[in-house]
1. So His30 passes all but one of these: (1) over 21 Å from Ala251 (Cα atoms); (2) of a type outside the set (Asp, Glu); (3) surrounded by 12 or more Cβ atoms within 10 Å (Cβ to Cβ). Which condition number does it fail?
2. Suppose the filter is more than 30 Å from Thr8 (Cα to Cα) and modelled with pLDDT under 95; does Gly159 pass it?
3. With Leu86, Leu143, Leu177, Leu64 as the choices, which residue is surrounded by 16 or more Cβ atoms within 10 Å (Cβ to Cβ), at pLDDT 95 or above, under 16 Å from the mean Cα position of the chain (by Cα) and not in a helix (DSSP H, G or I)?
4. Looking at Ala162, Ala154, can you tell me which residue is in contact with a Gly (Cβ under 6 Å, 6 or more places away or on another chain), closer than 21 Å to Ser248 by Cα and not polar (S, T, N, Q)?
5. Within segment 180-202, track down each residue that is at pLDDT below 95 and in contact with a helix residue (DSSP H, G or I) (Cβ under 7 Å, 6 or more places away or on another chain).
6. Taking the criterion of being closer than 27 Å to His137 by Cβ, touching a residue at least 60 places away in the same chain (Cβ under 8 Å), within 21 Å of the chain's Cα centre (by Cα) and surrounded by fewer than 14 Cβ atoms within 10 Å (Cβ to Cβ), would at least one residue in segment 93-104 satisfy it?
7. Hey, can you tell me all the residues within segment 67-83 that are more than 21 Å from Leu150 (Cα to Cα), crowded, with 16+ Cβ neighbours inside 10 Å and not β-branched (Val, Ile, Thr)?
8. Please go through (1) in a strand (DSSP E or B); (2) in contact (Cβ under 8 Å) with a residue 40 or more places away in the chain; (3) in contact with a Ser or Thr (Cβ under 6 Å, 6 or more places away or on another chain) for His137 and return the number of the only condition it doesn't satisfy.
Amino acid sequence: MNSINYKTYPTDLTDAQWAILEPLVPPCKHGGRPRIVDMRKVINTILYLNRTGCQWDMLPHDLLPKSTVYEYFAQWRDDGTWTKFLDALRMQVRTQEGREATPSAMCIDSQSVKTTEVGGEARSYDGGKKIKGRKRHLLIDTLGLLVAVLITAAGVDDGVAAPQLLNQITPEAFPRLEVIFGDNKYRNHALDAWLKEERPNWRIEGKSRPEGTVGFTPLEKRWVVERTNAWNGRCRRNSKDYERRTESSTAMIQISNIRLMLRRLSPSNRPVFHYRAAA
């Protein structure tokens with residue numbers, strides 16, 4: 001069989017970025033068949049799809065085919081590997097920035113996005129944003145680095161979804177966490193009761209826009225989430241929710257942020273997102 005010559009795409013991992021990520025890639029299963037596929041090419045193909053928004057069946061011929069890469073995407077979605085990549089890289093970025101590996105403060109917010117004609121679960125109408133689709137609930141640190149994401153139908157109230165989102169992280173994994181910044185939609189009796197019972201050392205600090213304000217007004221710390229939403233939107237797979245399963249939607253958001261963190265840890269000579277750290 002003739003070997004395939006692969007082009008270099010702007011989404012491809014550099015040698016330095018691959019050196020960071022390779023140790024985190026799960027090994028072959030014990031007793032299974034030897035792995036013959038190039039894992040760097042698998043990840044490069046998934047990063048290409050995530051950034052460009054192309055369909056799985058329409059990947060360029062010089063990248064790996066859906067029959068090869070989708071299996072890894074789905075397996076890592078279901079076994080938590082994408083989450084493990086995200087957690088490990090976030091701690092590395094924070095350490096490189098001179099911060100503690102785990103944050104003492106986080107930010108919480110949501111974003112409603114349209115879905116497509118593809119069938120699937122968890123879709124409804126967000127009356128406030130006038131959007132029919134799904135809602136992305138994000139938890140990030142004050143550097144804008146993703147901590148957790150929850151995908152629901154667009155009509156789900158943010159305060160109702162917050163315990164499910166916060167339950168993805170534990171005091172053991174984030175021993176320094178004290179405060180979570182959000183707006184006033186997260187100040188409700190149900191969420192306060194959940195925090196008191198399940199996470200007594202955490203508190204929500206919510207603020208509303210000043211009365212009479214017109215247009216966009218950055219609220220303390222919450223603008224960090226808006227910036228992260230903008231970064232996610234640069235990846236065309238996230239321009240709408242194209243996924244049939246909410247778990248796949250979650251994985252696509254994670255993949256966008258994994259690429260962002262790798263570029264933060266080892267910038268290439270290609271254009272990247274330049275951003276300053278929050279205080």
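The values are calculated or read from the model by the stated rules, or taken from the named source; none is laboratory data. Quick caveat: nothing in here was measured; it's all calculated off a predicted structure. With ideal geometry, Cβ positions are generated from the backbone for all residues, glycine too; neighbour counts draw on all protein chains shown.
1. (3)
2. Values: more than 30 Å from Thr8 (Cα to Cα): yes; modelled with pLDDT under 95: yes.
Taking the combined requirement at face value, the residue satisfies it.
3. Among Leu86, Leu143, Leu177, Leu64, only Leu143 is surrounded by 16 or more Cβ atoms within 10 Å (Cβ to Cβ), at pLDDT 95 or above, under 16 Å from the mean Cα position of the chain (by Cα) and not in a helix (DSSP H, G or I).
4. Working: Ala162 fails: in contact with a Gly (Cβ under 6 Å, 6 or more places away or on another chain).
None of the others qualify; the one that does is Ala154.
5. Residues satisfying the conditions are Lys185, Tyr186, Asn188, Ala190, Leu191.
6. Yes.
7. Tyr70, Tyr72
8. The number of the failed condition is (2).
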